[in-house]
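**Q** Structure below; questions to follow.
The values are calculated or read from the model by the stated rules, or taken from the named source; none is laboratory data. Treat the numbers as computed from the prediction; the structure is a model and nothing was measured. Heads up, the Cβs are rebuilt from the backbone with ideal geometry, glycines too, and the neighbour counts pull from every protein chain shown. For the accessible areas, the whole protein counts, side chains as well, though only heavy atoms, and no ligand, DNA or RNA atoms are used. Shrake-Rupley method; radii C 1.70, N 1.55, O 1.52, S 1.80 Å.
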Amino acid sequence: MEMQFKPLVEKEEGQPIIIAGPCSAETEEQVLETAHALKNQNVDFYRAGIWKPRTRPNSFEGVGKTGLPWLKKVKEETGLKVTTEVAKTEHVYECLKYGVDLLWIGARTTVSPFAVQEIADALEGMDVPVLIKNPINPDLNLWIGAIERIYNAGIHRVGVIHRGFSLAGKSKYRNEPLWQIPIELKRRFPDLTIICDNSHICGRRDTLADVAQKSFDLSFHGLMTETHPRPDEAWSDAKQQITPDVFKDLIDNLIIKRENLEGEDLESIVELRVKIDIIDNELLELLGNRMKVAEAIGLYKQAKNISILQPVRWNEILEKAISKGADKGLSEEFTTQFLKAIHQESINHQMEITKTA
Ligand code: PEP
Ligand code: MN
């Protein structure tokens, strides 16, 4: 089935969709104060979590539907459109009752096809745009599956939010961006609106601007950033929230790049792209040759009863490559991932050839 997405809102070509507001609606005063501080900025939707899926019980789980009249008041007093997270049928109905303009599905919900289907069923026959956050694990198909479920319910104003992926190990990000995943989604569905949630990627304030800029460099269509009048006092995600004033600076300093090359002197970029294509071809040729050698080694190992995986040899290869890669300006992370993928493919080839030999 070919999906044909419609824009979430009508925007001038090249103008980003901006979503801002607190992680959670805490009190009516806090919700209104934040909204008034944002109303003269170019904000398309005011966000505030009403139901908060928290990792551990006994954390603040949101004010619940008590907060919906506050969002209605935001609309009346500031003219801002509003959005919140929904995770089940009742949330969808309550939001539509209170005139919430845009719904989003959270990362912990996207992982569960039953939960997404429940939301899709509740949306059947409704006309409201929906944004789907990536699942917390880096599984593109799970993300696409959620998009399909909502689309199949007749909601065609569908978009996605990239909020990074939860991975084991230390990182400067709260959720690793793994940009190649949203890039692949964009390649598969060029007309799907894609928004960067820099707050949940970063988990801290000092990197928010860089991540926002990076997403714009990759032609994302918009930004969702958590803003709170007194971030340190926020009831959830205090470390990553910024004041509306800081948010204004962040937006003012963003450089919006064009995806469209029309009207450009294309000569030099075409030339550079040809060079890239040639290099990519050479890389693939080399990788193909490398697999042939790996297969020959596989047959040798089989004849001599040597196991396919040789951890000492593999560590040696990896260490050498990381150091050589560093000389060439390649990050350790990249070289490791690249080599791991090649190594895995070699093992697969060796398994395959020894099975049939
Ligand atoms: C949120 O937007 O506050 C939130 C809970 O985000 P996520 O689903 O991305 O964790
Ligand atoms: Mn949050």
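**Q** Can you find, among P129, L167, A87, the residue sitting farthest towards the positive end of the charge dipole of the chain, where Lys and Arg contribute +1 and Asp and Glu -1 at Cβ?
**A** L167
**Q** Write down the accessible area per residue of the stretch 124-169 in Å², having rolled a 1.4 Å probe over the full set of protein chains.
**A** 36 Å²
**Q** List every DSSP H helix in the chain whose Cα atoms extend 30 Å or more along the helix's own long axis and whose mean Kyte-Doolittle hydropathy is at least -0.5.
**A** 267-303
**Q** Counting only protein heavy atoms and using a 1.4 Å probe, what share of the accessible area of the chain belongs to carbon plus sulfur, as a whole percent?
**A** 52 percent
**Q** Ok, one more. In Å², and per residue, what accessible area does the stretch 185-317 have when probed at 1.4 Å with the other protein chains present? Mind dumping the intermediate values first?
**A** Values: 8300 Å² over 133 residues.
Accessible area per residue: 62 Å².
**Q** Can I ask one more? Measure off 7 Å from each Cα along the Cα-to-Cβ vector at D217 and T336, then give the distance between these two points in nanometres to one decimal.
**A** With each label point 7 Å from Cα toward Cβ, the separation is 2.2 nm.
**Q** Could you tell me which of rounded, prolate or oblate describes the stretch 1-95, using a ≥ b ≥ c as the square roots of the eigenvalues of the alpha-carbon gyration tensor, with rounded for a/c under 1.5 and, failing that, prolate when a/b is larger than b/c and oblate otherwise?
**A** Oblate is the answer for the stretch 1-95, as a/c is 1.5 or above yet b/c matches or exceeds a/b.
**Q** Any idea what Rg and Dmax come out to for the stretch 32-172 if you just take the C-alpha atoms, in Å?
**A** Gyration radius and largest Cα-Cα distance of the stretch 32-172: 15.4, 45 Å.
**Q** Running a GNM on the chain with Cα contacts under 10 Å, which residue among E295, E94, E233 ends up with the highest mean-square fluctuation?
**A** Between E295, E94, E233, it is E295 that shows the largest mean-square fluctuation.
**Q** Could you work out which residue, out of W314, W70, W104, moves most in a Gaussian network model of the chain, that is, has the largest mean-square fluctuation with Cα springs under 10 Å?
**A** Ranking W314, W70, W104 by mean-square fluctuation puts W314 first.
**Q** Sticking with this structure for a sec: Simple spin-label model, 7 Å along Cα-to-Cβ: I278 to E28 in nm?
**A** A separation of 7.0 nm, rounded to one decimal place.
**Q** Moving on to the next point. Could you put H200, H343 in order of accessible surface area, largest first, with the 1.4 Å probe and the full protein assembly present? Kindly include the intermediate steps, with their values, before the conclusion.
**A** Working: H200 15, H343 40 Å².
Heavy-atom accessible area, descending, gives H343, H200.
**Q** Which FRET efficiency value, to the nearest 0.05, is calculated for N289 and K320 with the Förster distance at 25 angstrom and r the Cβ-Cβ distance?
**A** Using R0 = 25 Å, I get an efficiency of 0.85.
**Q** Where in the stretch 235-259 does the amide nitrogen come within less than 11 Å of the point 7 Å from the Cα of N42, taken along Cα to Cβ?
**A** Backbone N within reach: 251-257.
**Q** Would you please state the base-10 log of I(q)/I(0) at q = 0.14, 0.21 1/Å for the stretch 263-356, with intensities from the Debye formula using one equal scatterer on every alpha carbon?
**A** Once normalised to I(0) and log-transformed, intensities are -0.66, -1.10.
**Q** Return the loop-located GluC sites (Glu not before Pro) in the stretch 257-289 (DSSP other than H, G, I, E, B) with at most 14 other Cβ atoms within 10 Å of their own Cβ; answer none if there are none. Please list the in-between numbers first.
**A** On the way: sites: E259, E262, E264, E267, E271, E282, E285; in loops: E259, E262, E264.
Qualifying residues, ordered by number: E259, E262, E264.
**Q** Taking a quarter of the surface of the convex hull around the Cα atoms of the chain, what do you get in nm²? Can you show the working numbers first?
**A** Numbers: hull surface 89.4 nm².
It is 22.4 nm².
**Q** Same structure again: Once the dipole of the chain is set up with Lys and Arg at +1 and Asp and Glu at -1 on Cβ about the Cα centre, which of I183, H156, T335 lies farthest towards its positive end?
**A** Value computed over the given set: T335.
**Q** Counting only DSSP beta bridges with both residues in the chain, what percent are antiparallel, rounded to the nearest 5? Walk me through the intermediate numbers first.
**A** On the way: 1 of 31 bridges.
That works out to approximately 5 percent antiparallel.
**Q** Now for a separate question. Please work out how much accessible surface T78 shows to a 1.4 Å probe, ignoring ligands, DNA and RNA, in Å² rounded to 10.
**A** Roll a 1.4 Å probe over it and T78 shows about 30 Å².
**Q** Please build a GNM for the chain, connecting alpha carbons under 10 Å apart, and tell me which residue among S346, S236, S112 fluctuates the most.
**A** Result: S346 has the largest fluctuation of those listed.
**Q** About the Cα centre of the chain, how large is the charge dipole given +1 on each Lys and Arg Cβ and -1 on each Asp and Glu Cβ? Please answer in debye to the nearest 20.
**A** 1280 debye
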